[in-house]
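Below is one structure, written out as structure tokens; the observations come after it.
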Amino acid sequence: MDKRTLSLSGLLVAATVVLTGALAWFTGILSTESCQEVTEGMQAMHTEEVPLLNDHGKIVSFQSHVADDNTERAAGYQYICVNIIDTSTILFVYPQPVSARFHMRNVAAPLDIGFFDDKGKLISVMLMQPYDDGDSRLYGPPQPFQYALEARQGFFADHNMSAGKSRLVPGGLYDSK
């Protein structure tokens, strides 16, 4: 190979590295090296016991992070490592029913999200995928909701929870109305 061929191949390798890095940044793909165990947003959330009544009438209770202000709700699972996502949940609480949407930019793993109305009834469950191709999909139910629970993929199925049958148990943040 002559010098020009070597220079051209070096330039192609460098361009590939730069484009790959830019594509990863642009599409929101989060590598395990850049994830965090906790972010400021997650650290600001308090935790609370969240009881849910599943499709079989059994109460399933677990500790959850609670995002109940705009800063905490905006943070969600962004930049959080997969091992934390796999072992935690975030309950998003709004002061009244809203028509909002959720995104998956800078999230390292697929998430289930369940939307609950103002009386605690589970109205929709969706699987949200991390961005991997420049997608900027937004997720939300067709009707207003007051609570949303983000959890690892498969959480709702594993706990026998489905829309129209399951609900938040009244009390605490979500007193029955």
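The values are calculated or read from the model by the stated rules, or taken from the named source; none is laboratory data. Every value quoted in this text rests on a predicted model; they were computed, and no experiment measured them. Here the Cβ positions follow ideal geometry from the backbone for every residue, glycine too, while neighbour counts run over all protein chains shown.
A compact table of results
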{"item": "Only listed residue being modelled with pLDDT under 95 and either in contact with a Phe, Trp or Tyr (Cβ under 6 Å, 6 or more places away or on another chain) or under 17 Å from residue 120 (Cα atoms) (or both), chosen from 93, 66, 107", "result": "107"}
{"item": "Filter result for residue 34 (part of a loop (DSSP other than H, G, I, E, B), within 29 Å of residue 136 (Cβ to Cβ) and at pLDDT below 90)", "result": "yes"}
{"item": "Set 108, 75, 44: member being farther than 25 Å from residue 163 by Cα and in contact (Cβ under 8 Å) with a residue 60 or more places away in the chain", "result": "108"}
{"item": "Single condition residue 15 does not satisfy, out of (1) assigned to a loop (DSSP other than H, G, I, E, B); (2) at pLDDT below 95; (3) surrounded by fewer than 18 Cβ atoms within 10 Å (Cβ to Cβ)", "result": "(1)"}
{"item": "Top-ranked residue of region 70-99 - restricted to ones that are crowded, with 18+ Cβ neighbours inside 10 Å and touching a Gly at 6+ places or on another chain (Cβ under 7 Å), ranked as nearest to residue 141 (Cα to Cα)", "result": "90"}
{"item": "Candidates 102, 145, 155, filtered to the one that is surrounded by 19 or more Cβ atoms within 10 Å (Cβ to Cβ) and over 13 Å from the mean Cα position of the chain (by Cα)", "result": "145"}
{"item": "Listing of strands (runs of 3 or more DSSP E) fully contained in region 83-132 that carry 1 or more residues being more than 11 Å from residue 147 (Cβ to Cβ), out of contact with any Pro (no Cβ under 6 Å at 6 or more places or on another chain) and among the charged types (D, E, K, R)", "result": "111-116"}
{"item": "Of all residues making up region 78-105, the number that are touching a Leu at 6+ places or on another chain (Cβ under 6 Å), free of Cβ contacts under 8 Å to residues at least 60 places away in the same chain and not charged (D, E, K, R)", "result": "1"}
{"item": "Only listed residue being closer than 19 Å to residue 65 by Cα, among the polar types (S, T, N, Q) and outside any loop (DSSP other than H, G, I, E, B), chosen from 146, 78", "result": "146"}
